[in-house]
Amino acid sequence: MNQETLRLAFVDPCDATREALRQALMGIESLWLEAESSRYEFFWDVIEQTKPDVALVALDADAPKGLQLISQLATQFPHLAVLAASSKTDGPFILQTLRSGAREFITLPVALDELLAALQRVRGQLRSAGESSPITQASSTVIAVVGTRGGVGCTSIAVNLGCILAQQAGHQVALMDLDLALGDADVRLDLIPDYTLADVAANIDRLDMTFLRRSLSKHACGLSILPHPVQMEDIALIRDEHLQRVLGLLRASYTHVVLDLSKSFRPTDLLAMQLADIILLVVQLELTSLRNAVRMQMCLGNHEGLLDRLRVVVNRVGCEDDEISLKKAEETIGRPIFWQIPNDPRTMAASRNAGVPLIQHAPRSKVCQSLQDLARALFNNDKVAANGHERPRKGFSLFRRDSS
């Protein structure tokens, strides 16, 4: 997320102008439309819940009520940039809105150039005053977790990594289950969701951050989850532009977004990896998994920048079925192993069956400690950069028999 992005909420009781205003705001790339309201009396709660950078109050429906709202917002939320909008443009009225606490006055119907100029001035005011929301303080990080085949532990890593990140002070973490057909991230945390990604896609035209937040299920550890569709036929509702819109809104409100991808390397998975900042490729030390790691890298190599984001994570190290050494695995996949997670089947199975994350079920277990260290390593920029840009090692072909 660009650190210059502003989050905005607006109120306009007039249906016709509210729709036009929404369309204008949604068309601005450097702006996230956090929430909208059709009632002045409800807007106070909207601001308290969403905590945007900017509040825009349209005054034409009831100027006295709107001006009173501006005054209250400016007094109660001094770091909030309040804008006024109206078709009434006489000098005394504009002066009255500014004296009420509005930082800018915008003429309705809105002219895009005027709106952009006002937002640019507000951005400069916030920057110079040191006023910022969590979005302007730090950019959001999107982590895509993808397995080289089913059963390598991709979902376990995604869910537990999300829960570990959510435990950290100042973190707001969301997980989106993109294994659209067979995902079970919600089951891992014993959640029964009221809404799924299919519900969000069906309401994409009125989607804002308030609606999206209500659609997520929140676990006691702090992780919010947007589950996969319940009905198989609803998978068809989800299109690329829906995923981009939802992920964009999640970026605007959460410090970390974890994407649990499918086991079948669908087009949705490739798009998710293109939108991610970090790609965790989960492998095991066996031939099928390593062969698929090579094939997946060949595909990702056709898309600029994706291989630079790739981090190889070996799961279940020490498993009795391991027939390939770590050194041979690195030679095979042609890049260094970023992280190793020890094999601990009893702890993992007990955590999964109880629907409780490792950080709560077995925080002192070796596997939980390893995942906590992985979270720290991912956000230690020096270490990530060093591993991410190391020259790949020459590998042997998995498509012929080689002596080992």
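The values are calculated or read from the model by the stated rules, or taken from the named source; none is laboratory data. Just so we're clear, the structure is a prediction, and the values are computed from it rather than from any experiment. Using ideal geometry, Cβ is built from the backbone for each residue, glycine included, and neighbour counts are taken over all protein chains shown. What goes into the accessible areas is simple: the full protein's heavy atoms, side chains included, and nothing from ligands, DNA or RNA. Shrake-Rupley method; radii C 1.70, N 1.55, O 1.52, S 1.80 Å.
So the values come out like this:
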quantity: Compactness of the stretch 140-271, expressed as Rg and Dmax over alpha-carbon positions, Å; calculated: 13.4, 39
quantity: Cut-off 10 Å between beta-carbons: net charge of the residues surrounding residue 180, Lys and Arg +1, Asp and Glu -1; calculated: -3
quantity: Ranked order, 184, 53 - accessible area, probe 1.4 Å, largest first; calculated: 184, 53
quantity: Most mobile listed residue (12, 308, 240) in the chain, GNM with C-alpha springs under 10 Å; calculated: 240
quantity: Net charge dipole size for the chain [Lys, Arg +1 and Asp, Glu -1 on Cβ; Debye, nearest 20]; calculated: 1280
quantity: 0 to 90° range, to nearest 10: angle between helix 40-50 axis and the chain longest Cα axis; calculated: 30
quantity: Computed [θ] at 222 nm, helices only, for the chain once each DSSP H run of length n ≥ 4 contributes -39500 (n - 2.57); calculated: -13000 deg cm²/dmol
quantity: Helix axis angle, 240-253 relative to the chain longest principal axis, alpha carbon, degrees; calculated: 70
quantity: Exposure ranking of 273, 232, 26, 348 by accessible area [1.4 Å probe, largest first]; calculated: 232, 26, 348, 273
quantity: Total formal charge among the other residues, if their Cβ is under 14 angstrom from that of residue 141, Lys/Arg +1 and Asp/Glu -1; calculated: +3
quantity: Principal axis dimensions, largest first and in whole angstrom, of the stretch 227-305 by Cα; calculated: 37, 30, 22
quantity: Largest-first ellipsoid semi-axes for the stretch 260-307, taking √(5λ) over the Cα gyration tensor eigenvalues, angstrom; calculated: 18, 12, 10
quantity: Extension reserve of the residue 48-residue 60 stretch, reckoned as 0.36 nm per residue once the Cα distance is removed; calculated: 2.0 nm
quantity: The chain - share of DSSP beta bridges that are antiparallel (%, nearest 5); calculated: 5
quantity: Dipole axis of the chain (+1 Lys, Arg; -1 Asp, Glu on Cβ), positive-most option in 255, 56, 102; calculated: 255
quantity: Long-range HN-HN contacts of residue 282 with modeled amide H, under 5 Å; calculated: 146, 147, 148, 313
quantity: Sum of side-chain charges, residue 236 neighbourhood, beta-carbon under 15 Å (Lys, Arg +1; Asp, Glu -1); calculated: -3
quantity: Area of residue 256 that stays accessible when all protein chains are in place (1.4 Å probe, Å², to 10); calculated: 10
quantity: From the C-alpha gyration tensor of the stretch 62-120, square roots of 5λ in Å; calculated: 18, 15, 9
quantity: FRET efficiency for residue 203 and residue 307, using Cβ-Cβ distance with R0 set to 56 Å, rounded to 0.05; calculated: 0.95
quantity: Shape box of the stretch 1-108 [Cα atoms, principal axes, largest first, Å]; calculated: 40, 29, 24
quantity: For peptides 332-344, 159-171, sequence by mean Cβ density within 10 Å, most packed first; calculated: 159-171, 332-344
quantity: 30 Å Cα-Cα threshold exceeded, pairs from 51/263; 263/328; 51/366; 263/327; calculated: 51/263; 51/366
quantity: For the stretch 355-370, 3J(HN,Hα) per residue [Karplus equation, 6.51 cos²θ - 1.76 cosθ + 1.60, θ = phi - 60°, Hz, x = Gly/Pro]; calculated: x, 10, x, 4, 4, 9, 7, 8, x, 9, 5, 4, 5, 5, 4, 5
quantity: Value in Å of the Kirkwood radius, where the stretch 303-373 supplies the Cα pairs that are averaged; calculated: 13.8
quantity: Positive-pole candidate from 276, 201, 111, dipole of the chain, charges at beta carbon; calculated: 276
quantity: Residues whose placed amide H lies under 5 Å from that of residue 310, excluding near-sequence neighbours; calculated: 279
quantity: Kirkwood Rh in Å, taken over all unlike Cα pairs in the chain; calculated: 23.1
quantity: 11 Å reach of a label modelled at residue 194, 7 Å along Cα-to-Cβ, counting backbone N of the stretch 205-237; calculated: 214-218
quantity: Packing-based order for 190-196, 289-295, using average beta carbon neighbours within 10 Å, highest first; calculated: 289-295, 190-196
quantity: Using a Förster distance of 30 Å, the FRET efficiency for residue 79-residue 214 (Cβ separation, nearest 0.05); calculated: 0.75
quantity: On Cα atoms only, tilt of 15-26 relative to the major axis of the chain in degrees; calculated: 50
quantity: Dipole in debye (nearest 20) - the stretch 140-289, about Cα centre, beta carbon charges: Lys, Arg +1; Asp, Glu -1; calculated: 300
quantity: Estimated FRET transfer efficiency (residue 376, residue 90; beta-carbon r; R0 60 Å; 0.05); calculated: 0.50
